[in-house]
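Engineer: Here it is: the structure, laid out below.
The values are calculated or read from the model by the stated rules, or taken from the named source; none is laboratory data. The model shown is predicted, which means the values in this text are computed figures rather than measured ones. Cβ atoms come from the backbone with ideal geometry, glycine included; neighbour counts cover every protein chain shown. Ligands, DNA and RNA are excluded from the accessible area calculation, which covers all protein heavy atoms including side chains. Shrake-Rupley method; radii C 1.70, N 1.55, O 1.52, S 1.80 Å.
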Amino acid sequence: MPTSTLSKPPLRPLHAHDASWTTGFWHDVQRRTFDTSIPAMWRSLSDPAVSPGVQNFRIAAGEIEGEHQGPPFMDGDFYKWLEAAITQLEVEDDPELAQLVDDVARLIASVQREDGYLHTPTLIAALNREESLELADRFQFETYNLGHLITAGVRHHRATGSATLLTVARRAAAFLEHLATDKPLELARSAICPSHYMAVIDLYRETGDERYLRLAEAFVRVRDDFDEGGDDNQDRLPVREQRTVAGHAVRANYLYAGVADLAIETGDDELVGVLQTLWNDVVDSKLYVTGGCGALYDGASPDASPWQSEISRVHQAYGRAYQLPNTTAHNESCANIGMILWSERMLSITGDARYADVIELVAYNSLLAGVGLSGTDYFYTNPLRQVRDLPYPLRRPGDTALHPTPAPPPSDARLRQEYLSCFCCPPNTARTLARLHELAGSVSESGAYVHLYGGAELRFAHGSRVLAVTETSDYPWDEGVTFTVTEVADGGMPFHVRIPGWARSARVSVNGEAISDPAPGQYAVIDREWQVGDTIEVLLPMPVRILRANRLAEEITNQVAVQRGPVVYCLESSDVDAGIPLERLALRRHARLEAIDGEVQGHRLRVIPLELEVLPEGGDDLYEDISEAELARTRSRLIPYFAWGNRGPSEMSVWLPVVW
């Protein structure tokens with residue numbers, strides 16, 4: 001288990017001037033995000049026929065008349081798109097996008113009240129002389145919206161030097177400060193998906209003003225004093241008393257990421273211990289093999305309390321330990337992103353490679369599955385199995401632009417969509433993929449750390465010491481990574497390369513000379529006087545692995561999943577001979593599998609060809625005698641989980657029955 005290492009200074013992430021994707025997998029994903037996702041998202045948000053995202057601000061600014069439309073958290077989703085666009089400006093010059101961002105920033109500033117409050121549903125109601133009380137309903141998501149506004153404001157200042165949105169962010173924080181001081185109960189009640197915890201720490205780091213650090217402490221204190229909560233919002237127990245993660249998965253992951261930010265800045269070892277216990281609870285018994293978070297659409301939370309009166313209704317939530325359904329897995333994209341945010345901060349605190357392993361798992365699988373290969377369409381939920389003829393509909397927030405679909409589509413026709421009226425996940429995905437270079441590496445007084453691999457330029461600086469490298473790799477398809485030193489000052493610094501937990505028999509060499517066998521799940525440390533031109537070669541063998549689950553994960557008993565490197569694979573009906581349903585296909589236990597070059601919809605990737613056993617046909621009875629018919633065989637292929645759902649309606653499964 002990871003242990004607290006707050007005696008060491010935390011790792012500091014790299015930003016755009018020190019880290020950039022130049023070639024390979026993540027470069028291509030980031031390029032798609034910049035060239036396709038961000039512009040397409042703007043077209044949707046700015047078109048009133050599709051989305052009220054921009055229109056609500058224009059109404060609130062008095063530019064046009066109208067009523068508020070869309071969910072109350074639409075403001076926050078608009079801010080997330082803005083953050084993605086600002087991140088693009090950090091990475092590259094784009095005068096047209098810069099002008100658009102500047103125009104949007106001025107529009108937002110024009111709407112904010114003098115006291116810092118900004119929530120277009122309330123402001124529009126006031127303009128229309130309708131009843132409008134802030135914080136009257138926790139499900140108005142005001143603090144969630146303000147948190148994302150502050151985060152966008154900090155990034156805008158860092159990227160452009162403009163104070164326009166930073167001033168807005170400061171005023172928003174002042175409003176939250178007022179609540180913490182004068183209306184703590186209202187603040188505690190409204191802490192839904194608490195992005196504002198992370199946001200005020202961002203503001204503290206950008207400005208150096210300690211009032212924002214004190215404000216983050218107040219958020220936790222006010223939350224812990226709140227005695228009307230429940231497990232769905234993680235506020236039944238004080239944070240320091242929590243040992244089991246329960247309730248809404250986005251809210252949980254955002255909360256613990258924000259508390260981790262606070263621990264980084266205060267050195268609170270007790271909080272770190274609590275967070276490690278909670279993180280282990282998720283990763284050891286509640287995390288999907290794809291990195292998905294939140295098993296349940298709806299349910300109850302009996303495990304956090306033995307008392308019937310304290311059992312909470314939960315939704316989009318973590319379930320019990322090992323409760324991991326596949327067809328009905330919720331795994332909201334925002335929850336998966338929240339796990340990256342939480343793990344990123346725990347990695348900064350501890351330097352433990354296990355946190356980076358989980359970041360990588362989520363990034364390559366449940367995060368990327370949330371966006372189509374075209375970069376223009378999105379999933380809200382990310383199940384591990386899709387079947388035909390499901391006898392009940394699975395709720396999908398926002399099946400159409402402004403109105404839910406009266407009759408949900410067939411269960412095997414659930415496809416990504418370009419716009420969802422519940423639009424939280426698409427811009428969250430865009431801002432995460434836009435900034436993924438920030439997760440490539442870190443630096444601290446103990447040296448340089450490389451967490452994620454790909455073609456990149458990385459520059460690590462600490463005090464007078466500098467070490468810059470060019471990274472060359474076709475990871476995750478290829479096993480090799482090469483670093484070439486391009487700049488050194490004051491001898492450079494120790495270089496830490498992550499050996500993933502799945503990488504057995506990894507090898508690391510410097511200038512052709514092997515170093516001692518690196519252990520999986522740790523950082524291999526190379527400490528020497530560096531010279532320009534030195535090379536570090538890392539070999540991470542990627543045999544195809546066949547995984548089984550814990551005996552208590554009953555939904556996947558006697559089934560296996562396939563993984564190569566960080567990439568989890570699945571079987572999609574598009575790759576199966578017509579007439580053979582997915583439930584009749586099984587993998588033989590001793591199958592020898594190898595990955596080869598392939599494609600899905602013209603996108604290059606590695607696929608796994610294989611021969612599958614075809615089980616006897618079954619009927620529709622709930623129970624029936626097993627058939628004694630001989631098994632047949634068929635050829636098919638497995639594709640990366642992130643690539644499924646791009647070829648029209650289909651069935652899909654990550655877990656497959658195994659025959660012996």
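Engineer: DSSP loop (so not H, G, I, E, B), at most 13 other Cβ within 10 Å: list which GluC sites (Glu not before Pro) in segment 414-472 pass both filters.
Structural biologist: Counting only loop positions with at most 13 other Cβ atoms within 10 Å, the GluC sites (Glu not before Pro) in segment 414-472 are 445.
Engineer: Moving on to the next point. Counting only heavy atoms of protein chains, what accessible area per residue, in Å², does the chain have with a probe of 1.4 Å?
Structural biologist: That works out to 39 Å² for each residue.
Engineer: Mind jotting down the distance between the C-alpha centroids of segment 175-193 and segment 619-639, whole Å?
Structural biologist: What the calculation gives is 57 Å, centre to centre.
Engineer: Now for a separate question. Scan the chain and note any complete DSSP helix (H) whose C-alpha atoms cover at least 20 Å along its axis and whose Kyte-Doolittle average is 0.5 or more.
Structural biologist: Qualifying helices, which must be both long enough and hydrophobic enough, are 95-111, 164-182, 249-266, 333-350.
Engineer: Ok, one more. From a point 7 Å beyond the Cα of residue 532 in the direction of its Cβ, which residues of segment 489-509 have a backbone N at a distance under 12 Å?
Structural biologist: Within reach of a label on residue 532: 489.
Engineer: What ranking of 77, 35, 224 comes out by heavy-atom accessible area, probe 1.4 Å, highest first?
Structural biologist: So, going from the largest accessible area down, we get 35, 224, 77.
Engineer: Assuming R0 = 41 Å, can you tell me the calculated FRET efficiency for the pair residue 139 and residue 517, based on Cβ-Cβ distance, to the nearest 0.05?
Structural biologist: 0.15
Engineer: Leaving out ligands, DNA and RNA, what percent of the accessible area of the chain is carbon and sulfur, probe 1.4 Å?
Structural biologist: For the chain, the apolar C and S fraction of the accessible surface comes to 48 percent.
Engineer: Then there's this: Note the full-extension length gain between residue 611 and residue 505 as 0.36 nm times their separation in residues minus their Cα-Cα distance, in nm to one decimal.
Structural biologist: Difference between extended and current length: 35.4 nm.
Engineer: Calculated FRET efficiency, residue 603 and residue 50, Cβ-Cβ r, R0 25 Å, to nearest 0.05?
Structural biologist: E between residue 603 and residue 50, to the nearest 0.05, is 0.45.
Engineer: With Cα Rg over 2.2 N^0.38 Å defined as stated, name the option among [x] 1.48; [y] 1.15; [z] 0.95 computed from the structure displayed.
Structural biologist: It is the value labelled [z].
Engineer: Given 0.36 nm per residue, what is the gain on full extension from residue 110 to residue 217 after removing their alpha carbon distance, in nm?
Structural biologist: Gain in length upon complete extension: 35.5 nm.
Engineer: Need the full-extension length gain, residue 241 to residue 64, defined as separation in residues times 0.36 nm minus the C-alpha distance. One decimal, nm.
Structural biologist: Extending this stretch completely gives an extra 58.8 nm.
Engineer: Another question, then. Extending each Cα 7 Å along its Cβ direction at residue 15 and residue 622, get the distance between those two points in nm, one decimal.
Structural biologist: 6.1
Engineer: Whole-Hz Karplus ³J(HN,Hα) for segment 469-483, in order, using 6.51 cos²θ - 1.76 cosθ + 1.60 and θ = phi - 60°, x for Gly and Pro?
Structural biologist: Those phi angles translate into 9, 9, 9, 10, 6, 9, 4, x, 7, 10, 7, x, 9, 10, 10 Hz.
Engineer: Compare 90, 479 by solvent-accessible area with a 1.4 Å probe and give them largest first, with all protein chains kept in place.
Structural biologist: Solvent-accessible surface, decreasing: 479, 90.
Engineer: May I pose another question? Using just the C-alpha positions of segment 506-621 as equal point scatterers, what log10 of I(q)/I(0) does the Debye formula give at each q in 0.21 1/Å?
Structural biologist: -1.26
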